[in-house]
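Reviewing the structure listed below.
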Amino acid sequence: MPLTYQLTTPERIVEEGTADAVMLPTTEGYITILPNHIPLVSTLGAGEIMIRKNGEEFYFATEGGFIEMRPENKLVILADFAAKADELDVDVIEKAKARAEEMLREKKFENDEQFATIAAELQRELTKLGVARKRRKHS
């Protein structure tokens, strides 16, 4: 029985289909889901999702959410944010990264909460940049 999956954000279904393997970040580290994996519920972390189909790999950037491996061999990924690697614009990401780095470097934040928000933004942009650059290597 093939592994079916659906990668969804609040705005849209990003990707769905069948896969040989899905590697994704949890808050405890990366895991790989194969067909017939045991049922599982976990928190999705920020990072890269890799979906392997017929020997080909497809990459996605993601930021938080939940995953559920259901008994009927269905993987549901509910992400706060997810984008296909080819949807990521390196120039836009580089500019956002530079803005966040500048704000941190020049201490353009008023309190710890604002610092944490800027640091999280920088981490998101670095994740997106890594996925976008990997896509270029595989294109």
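The values are calculated or read from the model by the stated rules, or taken from the named source; none is laboratory data. Everything quoted here is computed from the prediction, not taken from an experiment. Note that each Cβ is placed from the backbone with ideal geometry, even for glycine, and that neighbours are counted across all protein chains shown. In case anyone asks, the SASA skips ligands and DNA or RNA and just uses the protein heavy atoms, side chains included. Shrake-Rupley method; radii C 1.70, N 1.55, O 1.52, S 1.80 Å.
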note = All conditions in (1) of a type outside the set (Ser, Thr, Tyr); (2) free of Cβ contacts under 8 Å to residues at least 12 places away in the same chain; (3) within 23 Å of residue 9 (Cβ to Cβ); (4) open to solvent by 80 Å² or more (accessible area, probe 1.4 Å) are true of residue 116 except (4)
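Going by what's in this entry, would residue 109 be described as in a strand (DSSP E or B) and either over 15 Å from residue 5 (Cα atoms) or without any contact (Cβ under 8 Å) to a residue 60 or more places away in the chain (or both)? Walk me through it before giving the result.
Values: in a strand (DSSP E or B): no; either over 15 Å from residue 5 (Cα atoms) or without any contact (Cβ under 8 Å) to a residue 60 or more places away in the chain (or both): yes.
Criteria not met by residue 109.
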task = Considering every residue within the stretch 100-112, establish whether at least one is at pLDDT 90 or above, open to solvent by 30 Å² or more (accessible area, probe 1.4 Å), over 18 Å from residue 132 (Cα atoms) and polar (S, T, N, Q).
result = no
request  = Would you be able to tell me the number of residues in the stretch 41-90 that are among the small types (Gly, Ala, Ser), on the phi < 0 side of the Ramachandran plot and either within 13 Å of the chain's Cα centre (by Cα) or buried (at least 21 other Cβ atoms within 10 Å of the Cβ) (or both)?
outcome  = 7
task = Scan 74, 53, 84 and give me the residue that is touching a residue at least 60 places away in the same chain (Cβ under 8 Å) and more than 20 Å from residue 124 (Cβ to Cβ).
result = 74
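Each row is one residue, and each column tells you yes or no for (1) closer than 29 Å to residue 18 by Cβ; (2) among the acidic types (Asp, Glu).
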{"site": "64", "(1), (2)": "yes, no"}
{"site": "67", "(1), (2)": "yes, no"}
{"site": "74", "(1), (2)": "yes, no"}
{"site": "77", "(1), (2)": "yes, no"}
{"site": "90", "(1), (2)": "no, no"}
{"site": "94", "(1), (2)": "no, yes"}
{"site": "111", "(1), (2)": "no, no"}
{"site": "117", "(1), (2)": "no, no"}
{"site": "134", "(1), (2)": "yes, no"}
ask   = Looking at the stretch 17-40, which of the residues that are within 17 Å of the chain's Cα centre (by Cα) and more than 18 Å from residue 84 (Cβ to Cβ) is surrounded by the most Cβ atoms within 10 Å (Cβ to Cβ)?
value = 33
